Every structure is written in structure tokens, then in C-alpha cells.
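A.B. asks: I'd like to ask some things about the structure below.
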Amino acid sequence: MVFPQRRTPKVGSDLRRYDVCNRKYDDRPTAYIDVNMRTPCISPTTCQFDGMSKDELSDFRPHLGRPRGRSRKGPRTTTALILRSVAEQGGDLRRLLHPRRERKPSGRFNARGRGREAAAALEDHGGWEFYADTSDGSDMRFRARRVIVKARVVKLKGVESQAIAAHLRYLQREGVTLDGRRGHAYSASEDEADPKAFAERGLKDRHQFRFIVAAEDGVALGDLNPFTRRLMGQMEQDLDTTLDWVAVDHYNTGHPHTHVVVRGITDDGKILYIAGNYIAHGIRARASDLVTRELGRQSELEVQQKLGQEVDHDRFTRLDRTLLDEARDGRVDLRISPGQSYLVRVNRHLLISRLEKLEAMQLATPVEPGVWALSPQLKPILTQLGERIDTLDLMRDALGAEAAHRSVANYMIHREVPRSPVTGHLVGKGLAGDGLGDKAYLVIDGVDARVHYVELKATLVPDEARIGAILTVGRAPSARSVDKTIAAYAARNDGFYEPQEHYELARMTARIPGGDVEGHIGGHVRRLEALRRAGIVGRLDGDHWVIPRDYLERAAAYDEREGRKVAIEVHSAVALDRQITAEAATWLDRQLVGRHRVETAPMGFGNRVQNALEQRAQRLIANGLAKRRDDGGVQYQPDLLATLQQREVDRVGLYLAGKSTDGRTYVPARDGSLVRGTYRRAIALVSGKFAVIQRDQHFTLVPWRAILERHRGREVVGIVRGMGVSWQLGMQRDRGLSR
């Protein structure tokens, strides 16, 4: 079937009622189908029928007779001839013979919502169209540019604000721009939007929408900012409301794409519901139109060239999807036949080449010439293989030039937190999967000479886990050490735990890190307080806690429910090379003087750690903080860590005092002294994180703890114990113990 006009209705995939009296035709017969009647008719060569008036022409409705029989050489009936002609030109017989029925909405966002009318108008967007004025005079099909849109509706009820903020932070992570720098958020009116302010505005929203928009020809688009703003403007027209949104462009993959986060609220403060068909089809159609206007329509030749690049891909491709759609009972028949679909006929050589590739992968087996049997595991295996390849590419990109010296056998992929702890320095992080969820990934160059990819909840990754930081990631023990201690005391004391008795015993016999006995006991009390709120333990008074016999099992189950089985410890936010010469208490120093030094491999990052430890030891000897023994070993100063930490804290404190605009002075915090004042903020030093406590006309720096964030801007009280502080927070205090 030939369409001689410049532009004609799409056959099969996008049929429309056609008025033969408003067109000019040549002498070639053309078959058309009226989709309302679903019956074929033959168009005349002129706009008048012999012997019929114009009124009679408008009433003319041809009806086909009953099929008279079939021929082995091919279809003989008019219906069969027309249907074969439709198939040869790319029409979809299934849609022609079985028109789309109204589907029952599957959920709230499908049942109602804005954008339904626009989605209905765009339902058949993206089909092929014919043009007859090509350079060689032949007909060629063209279509709109392809755009992939992924969407997720995130219900915010019960979602922590940290999760929302973490998602926006990861979108702006390092290495996502064209020059490898940190990404930046923008909005409809701001080139530098504030994601934190956006998150705070949406804390009380019912839900938010997250989109990923990726044009197939995104590289040719260049800057995605104007395209995204035009798309969001078109969405505002379709949804009949102003949208509050922020977007971040990513260029760190083969296909540049944009992450867009939209608040679930209209411009008049009501809940924004978007129709499901608009999310599924409307946004993609609008984006496709914008890209097509920018780059022009895509010819069938271009599509075949892109499909040809997928023949050797080790992932699930469009060719594989076509093979599965054409398969019958697990077999695909590519033999030339009159009833073969247009899609298979024009891409037959590519499909055969793809099947040969699948045969080598043992996912397809030739049954007879032109017929292959497909493995039922074809799609899951290729999908999993593609995910692994993407993950390996991500790990190589994170390693950079170092990847050339690493074997693929040393790349370890953990889709969940590994049970055995992984220690190393962080070389990459971001959002896992399609980037719409709240799951993050970390790429760690381990001291075991392996590169680890770890997926975990984004809220579990601390802010100190920056690129270059040294950290340990693993599963928390089945029973915490604090729980074991509580259970042991309760077993000896008829099921009771007494903090004061524990304090007296620990002060005389136990070796507490930093000498902070009160802080050590306070940690036990805080743990019991959390378990008391969960109904696991009871408290008679401030010094008597009732511990059940199955305490360890119930405490472990509580951690499992709360998602606290993941242990992430950031040893140092400072890179390894900087620690060698730092005048501060570093992770290298803790490794040198600690009793449990991490085991390192003689290759990769493990070899770098070994060399750094030797250089750090020589540095300490040169500064008089250590000396070489006769046996070749190194003897370090007993209070090495405390000395180095205090030196850095005093140096930074004096610097901050010099930069102060209100004349505040720095007062060092000495062991045993009382710290009282308003907690202002936290600062990150090489020795760790420290809190700025301000009072009157002076301030001091003390080791930071997470519990202080609940009291930012309020007065806090604590006693300095060695390298820590025993805080007395809250309205009630029991014998000076932390609450």
C-alpha cells in the first residue's frame, strides 16, 4: 500500500477518518480503513464517482462480501489482501482488529488527577509517518525523537526529613557535571536553587513526584537546562497549575539525563494529583515533541543504525524485546513469509545477528533454518548482566586511572550491606538503581586490595562520608557489646541493672577509652531508655532497671525492625596523604598505638596504608612524639592521641577567636573541667568532629556527639573526661549520669 501524499494518516498504529474529497490523488490505487467502521474502502482517483451526485457520495458505504475461500499461494479475499498490505507498511494488526479497550484504573493516581485530557490527546503520539519527497524520490518513514521518562510518587507520611534531604544531596554529588564537578540544583526562576529550602517547604506535603528525563539524543541537546524548563512549563499548562520543582542535570553516564523533584501541591495549596496515564505517557510525549523540534524528526534509517549498535550488547535490548514479542511457544520464526510483520521484515538481518549472539551466550538454540528456540531465562539473565556491567563501569569510573591496575576478579558487588566489615577509603557514592528511590551506593577501595560496591539506605550514610574519607561498613553484631554488658550485670543481680554499681566497678577495674567512665555508663542508660520506650525493659527508679531473661534476643529484634543492623564508622574525613603530615590525632595514629590494627593486603590501597603508617611513624619520631627501640620497633608517647588532638583544637580555637567579629576569646577545655554554655554548631577537624560551646564572651571546643544536635541553640552542661565529655542533657539527671 503506497501513500503518494506528502503526509498521510498513519496506518494501523495511528488511524484517523480520512476525507477523500479534500485530497488530490494520482492513478495509483490506495487502500484506506475507516477506524470508526473498521471496514476497508478503496479511494477513487478523483473526487467524483461516475453516475453519483455529491450527496450520494457522502452516503456511500461499501460492504465486503463473505470470504469465498483461501489459496495456498496467498490470501484471495479483499479483507486478507488489505490486512496484508497494512502489515507490510508497518501497521499493527492486533491494534487494528482489537482496538484498545478502556482499562480499569489501578490506583488513586490513575482514577483521578490532572492531565487526563492532555494524556488522552497524546495517547497515540510517537508513531511513524510517511514522506514522499526524499532526495531519491522514494517513500521513507519518520518519527519523533525518543525520550525515556521514569517516575515515582513518594508518599511523605512517615518518611524522615533526613531521607528527603539526603536524596537532594546525592543528586548534587561530585562528578555529575560535564567537567566532573559537583552538580547544582535549579528551578523555573533560579539558576542556583536551594534544595534545603525546597525540602523544608515540602515537609508537610502528602507526597512528592520524582522524575528522570533522558532523551535518547541527549548528547546532541547539549545544555539540558533550557529543555527541562520548557518541559516543566508545558506540564504546568497541561496540569493547569504552577509547579514547585527543582532539577539537577547529570552528565556522568552515556545518556545525559535530568532528575526533577516536584512538590505534590498545587498553586492554591491543595494536594496535587496527576493522572496515571499522563505520568505514563503524557510527560514522555511532551518531552519527545520538544526534542523533535530541536533536532528534527528521526528517520527509519537512523533507527536501524541505532538498533545495529545493540546487536553485540550484553544486556536486554530492543531487539530482544522484539524477539520475545514475535515468539510463539518459545520459538521465533524469521523465515520470509507473506504474513511477516513489517517490523520483523525490515530488521530481519539485525534480528538474525542478535540471535547468533544469543546462541553464543546459550540463550537461543537453532531448531531449523530460520527458527530459533529462546531460553525462558533470556530476559532475567540479560537484565542482570546489564546491571552488573553498569555497576562495574561505575566502579571503574570511581577509581579513575587506578582502575587500569585492578583485575575484574577483585571487584566485589554487594547488593546489601556485607556481613564481614569492609574498611577502605571512599572513592564514589550516589543514588543506587534508577536514582528515584532513597537507596544509596558506596564504592570503597578496601585495604584488602578489593574494590567494594555496597548498596544501603541513604539515611544511614553520615555527612562525614565524603569522597576520600576512610570508613568501615558492615553489619552490626547480632548482639551489641553494650547489651551483652547489661545482660551480664542483670544475670548476676537477679534481673536488675544498676548504673551506679556499674559506674563504681568500671572506675576501679575497667579500662574505658579516653577515661570517660560517666560517658561510658551514660551510653548504657541511653540504650535502656530507648528499649524502655519500645516496651522491652522496665525502670523502677533512676538506679534500678528490670531486664528480661530474653533481653539479648529482644534487643537484637528491635535493632532489626529499626534498620539499625548496619554499622558505618567514619574513621577520618581526611584523605590518607594528608594524614601523614597532619599535626592532629589521625586514623594512622590510632592504628599505630591501637591494639587492633586493621589487616592490610600488600597491594592496592592496603599497600598505600602500610607505606603511610611507616611514613607517619617517622614523622612522629622527628617531632619527638616517639622513639626507635633497639629491636627496631617504635615506642610512642603514652598520651600521644590526646596530645595531638589538643594541639589541633587549640590551634583552631585561636584561629576562630582571631576571626571573631564580636571579640570572643577561646578557652581550652581541660580534663575534669566543667563545660557549660550554648551549643552553636559543629566543625570538622582532622582529629574528628568538635562542638562549639559558647558562653558570655568566650567559647570552647569539645568532642561532638550526635545527641547534641537535639540541643542546638540551647544550653548544655558536661564534664571533660579524657578525650571525651560526659554530657548532662535534659531536665532530669540521675547522679550526674547522661540521659
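A.B. asks: Apply the a/c threshold of 1.5 to the C-alpha gyration tensor of the range 375-422 and tell me whether it is rounded, prolate or oblate. Walk me through the numbers before you get to the answer.
C.D. replies: Working: a/c = 2.72, a/b = 1.48, b/c = 1.84.
Cα axes put the range 375-422 in the oblate bin.
A.B. asks: Normalising by the residue count of the range 109-298, find the relative contact order in percent from Cα pairs under 8 Å and 6+ residues apart. Kindly include the intermediate steps, with their values, before the conclusion.
C.D. replies: Working: 334 pairs, mean separation 64.2, N = 190.
Relative contact order comes out at 34 percent.
A.B. asks: Which of 379/439; 157/270; 157/689; 155/196 have a Cα-Cα distance over 22 Å?
C.D. replies: Beyond 22 Å: 379/439; 157/689.
A.B. asks: Take the alpha-carbon positions of the range 270-320, form their convex hull, and give its projected area averaged over all directions (one quarter of the hull surface) in nm². List each step's numbers first, then the result.
C.D. replies: Numbers: hull surface 23.6 nm².
Over every viewing direction, the Cα hull of the range 270-320 projects on average to 5.9 nm².
A.B. asks: Can you pull out the chymotrypsin sites (Phe, Trp or Tyr not before Pro) in the range 545-640 that DSSP calls coil and that have at most 12 other Cβ atoms within 10 Å? Provide the component values of the computation, followed by the final result.
C.D. replies: Working: sites: 545, 551, 558, 587, 605, 636; in loops: none.
Sparse-neighbourhood loop chymotrypsin sites (Phe, Trp or Tyr not before Pro): none present.
A.B. asks: If you don't mind, there's one more thing I want to ask. Is the shape of the range 641-728 best called rounded, prolate or oblate, per the rule: a/c under 1.5 gives rounded, else a/b larger than b/c gives prolate, else oblate, with a ≥ b ≥ c the square roots of the Cα gyration tensor eigenvalues?
C.D. replies: Since a/c stays below 1.5, the shape of the range 641-728 is classed as rounded.
A.B. asks: Just to check I understand the Karplus step: with θ = phi - 60° and J = 6.51 cos²θ - 1.76 cosθ + 1.60, what whole-Hz values come out for the range 329-337, glycine and proline as x?
C.D. replies: 3J(HN,Hα) across the range 329-337, in whole Hz: 6, x, 10, 10, 10, 10, 5, 5, 8.
A.B. asks: Also, I was wondering about something else. Which far-off residues, 5 or more places away or on another chain, put their amide H under 5 Å from the one on residue 422, with H placed in the peptide plane?
C.D. replies: Excluding prolines and chain starts, which carry no amide H, the hits are 473, 474.
A.B. asks: Can you give the Kirkwood hydrodynamic radius for the range 550-617, in Å, rounded to one decimal and based on Cα pairs? Spell out each step's value before the answer.
C.D. replies: On the way: mean 1/r = 0.0691 Å⁻¹.
Evaluated over the range 550-617, this radius sits at 14.5 Å.
A.B. asks: Which far-off residues, 5 or more places away or on another chain, put their amide H under 5 Å from the one on residue 145, with H placed in the peptide plane?
C.D. replies: Placed amide hydrogens put 292, 298 under 5 Å from residue 145.
A.B. asks: Something else now. In whole Hz, what ³J(HN,Hα) sequence does the range 591-602 give by Karplus (6.51, -1.76, 1.60; θ = phi - 60°), x for Gly and Pro?
C.D. replies: 6, 5, 9, x, 7, 10, 7, 5, 6, 10, 8, x
A.B. asks: Now a separate question. Tell me the trypsin sites (Lys or Arg not before Pro) within the range 352-444 that lie in a loop according to DSSP and have at most 15 other beta-carbon atoms within 10 Å.
C.D. replies: On the way: sites: 354, 357, 388, 396, 406, 415, 419, 429, 439; in loops: 406, 415, 419.
Filter output for the range 352-444: 415, 419.
A.B. asks: Moving to a separate point now. How much of the calculated P(r) for the range 481-564 lies past 20 Å, in percent of all Cα pairs?
C.D. replies: Numbers: 1026 of 3486 pairs.
Summing the P(r) tail past 20 Å for the range 481-564 gives 29 percent.
A.B. asks: When only alpha-carbon atoms are used, what values of Rg and Dmax, in angstrom, describe the range 247-387?
C.D. replies: That works out to 19.9, 65 Å for Rg and Dmax.
A.B. asks: In whole Hz, with x marking every Gly and Pro, tabulate ³J(HN,Hα) for the range 708-721 from phi via Karplus 6.51 cos²θ - 1.76 cosθ + 1.60, θ = phi - 60°.
C.D. replies: 5, 4, 5, 10, 4, x, 10, 6, 10, 9, x, 10, 6, 10
A.B. asks: Shifting gears a bit: I need the shape label for the range 152-295. Rule: rounded when a/c is under 1.5, else prolate if a/b > b/c, else oblate, with a, b, c from the alpha carbon gyration tensor. Can you show the working numbers first?
C.D. replies: Values: a/c = 1.87, a/b = 1.17, b/c = 1.60.
Verdict is oblate for the range 152-295.
A.B. asks: While we're on this one: Take the range 416-492, drop everything but the C-alpha atoms, weight them equally and run the Debye formula without solvent; then report log10 I(q)/I(0) at 0.11, 0.14, 0.18, 0.25 Å⁻¹ to two decimals.
C.D. replies: Once normalised to I(0) and log-transformed, intensities are -0.37, -0.53, -0.74, -1.15.
No value in this document is a laboratory result; all are computed from the given coordinates. Predicted model only: the values in this text are computed from it and were never measured. Don't worry about glycine lacking a Cβ; one is built from the backbone with ideal geometry, like all the others, and counts go over all protein chains shown.
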